[in-house]
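Here the structure comes first, spelled out in structure tokens, and everything after it is commentary.
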Amino acid sequence: MQNIFIDGLAAIVGANNILTAENDTAPYTTDWRKQYRGPAECVVRPATTLEVSAVVRLCAGAGVAIVPQGGNTGLSGASVPTGKQREIVLSLARMNRIRHLDALNDTLTAEAGCVLADIQRAASDAGRLFALSLGAEGSCQIGGNLSTNAGGVNVLRYGNARDQVLGLEAVLPDGRVWHGLRGLRKDNSGYDLKQLFIGAEGTLGVITAAVLKLHPKPTASATAWVAVKNPQCSVELLSHVKKICADRLTAYELLSRTCVDAVIAHRHEMRNPLPGSAWYVLVELADSGTGAALNELLERALDASLAANAAVAKNDSESKALWSIRESVPEAQFSNVKHDISVTISKVPEFIERAGAALKAAFPDAPIYCFGHVGDGNLHYNVGDAALLGRRAEVNRIVYDVVAALEGSISAEHGLGQLKREEITRHKNPLELELMRSVKRALDPQGLMNPGKVI
């Protein structure tokens with residue numbers, strides 16, 4: 001039986017780039033954690049912005065919803081269909097060209113389907129640094145990174161994904177293309193429209209390309225694994241290190257011993273350089289000059305009673321081994337109740353203490369895996385094991401009530417997606433929600449852009 005809609009899509013992108021068989025669409029309709037699944041009429045794989053524009057226009061005319069998708073590495077169910085209406089998945093993976101690199105302006109223009117690691121490599125080959133760095137950088141795509149306003153380990157020095165962007169190209173819900181690929185650092189000519197699309201999780205349009213900021217490439221780094229008595233000491237040590245090292249400090253990661261023990265159990269070849277502590281901090285400096293000078297600066301910064309002990313990496317191999325511990329934490333405790341929260345840096349210790357006490361009272365035997373970017377107040381706070389997933393709502397309420405009491409956010413860098421769409425209504429001011437819905441209605445009056453996500 002002829003399907004006029006599918007045939008119309010095939011005429012735009014080619015029949016080979018329309019996937020309809022269940023075996024072919026399954027990787028696109030199931031999220032990375034296998035928590036969300038939803039059927040799609042098909043998966044469409046455009047190769048150009050003009051093709052995206054034509055696909056969106058066709059869907060708008062047919063009343064078919066669109067789920068934009070990058071590498072499908074998201075953690076909140078934003079990149080897969082809900083199955084509640086007619087939907088297609090729009091995969092940007094074929095749009096993977098780096099269009100331009102301007103070394104004098106320190107910018108790189110990349111299409112949405114470019115893998116983050118490929119952008120980092122292109123910048124490095126030009127003697128520059130693209131600072132966004134995530135655990136999934138070998139498979140996540142820049143369009144998805146921008147749509148979720150990704151964070152990562154370098155936020156402390158360089159900021160979130162939205163801080164790495166000068167210009168955007170986006171296809172609006174009616175198929176029109178906004179050509180905003182400007183490499184200007186000063187442009188005070190009206191609303192900063194690109195910021196509407198960054199962090200919107202594909203609910204306002206489809207990001208197809210971006211002008212990204214580059215930075216001078218550091219020539220040296222220094223890394224240390226630090227044992228601290230408690231989270232309060234970690235925050236005080238952070239202030240001390242920042243005072244001495246200033247903007248050379250690029251990463252400051254907190255890990256509970258439960259996280260480190262889980263990694264060692266999962267990856268037997270790894271070892272903890274400083275066993276026995278309840279908490280650890282992974283610190284990294286980066287700058288021009290020599291590694292020896294940075295090591296000396298780092299050792300001076302750590303020479304305080306705030307650090308119980310410290311192991312400074314002697315070479316690149318030791319530094320990679322320390323980072324491997326941090327990067328292996330998510331896979332070492334894959335199935336449990338996960339949270340991605342933020343509070344002000346000064347309140348991190350209070351959050352850990354209050355949430356831990358409340359969870360212990362309700363779930364005495366549930367381990368807590370606390371780790372994350374304490375340098376910017378973002379913690380990944382994961383509770384229990386797979387057996388506790390059935391009581392996710394109870395666990396969430398405990399954790400989120402503490403976040404609310406400390407005036408924090410229940411979503412720091414992973415987005416809302418489907419996972420937190422309802423929960424956010426308990427935490428956002430009604431006026432904020434009204435303004436968000438007004439923007440959504442103005443740009444997407446049919447409600448066809450990634451429905452069932454964010455709001």
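Every read-out reported here was derived from the displayed coordinates using simple, explicitly stated rules and does not represent laboratory data. Fair warning: this is a prediction, and the values are worked out from it, not measured in the lab. Cβ placement follows ideal geometry from the backbone for every residue including glycine, while neighbour counts extend to all protein chains displayed.
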Tally Lys/Arg at +1 and Asp/Glu at -1 over every other residue whose Cβ is under 12 Å from the Cβ of GLU87; what's the total? +2
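Just how large is the dipole of the chain about the Cα centre, in debye to the nearest 20, putting +1 at every Lys and Arg Cβ and -1 at every Asp and Glu Cβ?
For the chain, the charge dipole is close to 440 debye.
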Dimensionless Rg/Rh of the range 4-91 - Kirkwood Rh, Rg from C-alpha atoms: 0.94
How far, in degrees from 0 to 90, does helix 430-443 lean away from the longest principal axis of the Cα atoms of the chain, to the nearest 10? 40
Note the per residue figure in Å³ for the convex hull of the C-alpha positions in the chain. 152
What percent do you get for the relative contact order of the chain when only Cα pairs under 8 Å and 6+ apart count? 16
Rounded to whole Hz, the Karplus (6.51, -1.76, 1.60) HN-Hα couplings of the range 282-290, x for glycine and proline: 9, 10, 9, 10, 8, 5, 7, x, 10
Near LYS217, which aspartates and glutamates are there with a Cα under 12 Å away, not counting those fewer than 8 places off in the same chain? ASP106, ASP125, ASP287
Helix 316-327 axis, angle to the chain major axis (alpha carbon atoms, nearest 10°): 70
Phi-based couplings in Hz for the range 398-404 (Karplus 6.51, -1.76, 1.60; Gly and Pro marked x): 4, 5, 5, 5, 5, 4, 5
0 to 90° range, to nearest 10: angle between helix 291-302 axis and the chain longest Cα axis: 70
Divide the volume of the convex hull of the Cα atoms of the range 368-419 by its number of residues and quote the answer in cubic angstrom per residue. 90
Report, in listed order, any pair from LYS186/LYS242; LYS338/LYS428; LYS229/LYS420; LYS186/LYS213 with a Cα-Cα distance greater than 25 Å. LYS186/LYS242; LYS229/LYS420
Fraction of antiparallel bridges per DSSP, the chain only, in percent to nearest 5: 85
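Given the convex hull over the Cα atoms of the range 361-455, what projected area results after averaging over all orientations, in nm²?
Values: hull surface 30.5 nm².
One quarter of the hull surface, i.e. the mean projection, equals 7.6 nm².
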Which peptide among 420-433, 379-392, 254-267 comes first, and what is the full order, when sorted by highest mean count of other Cβ atoms within 10 Å? 254-267, 379-392, 420-433
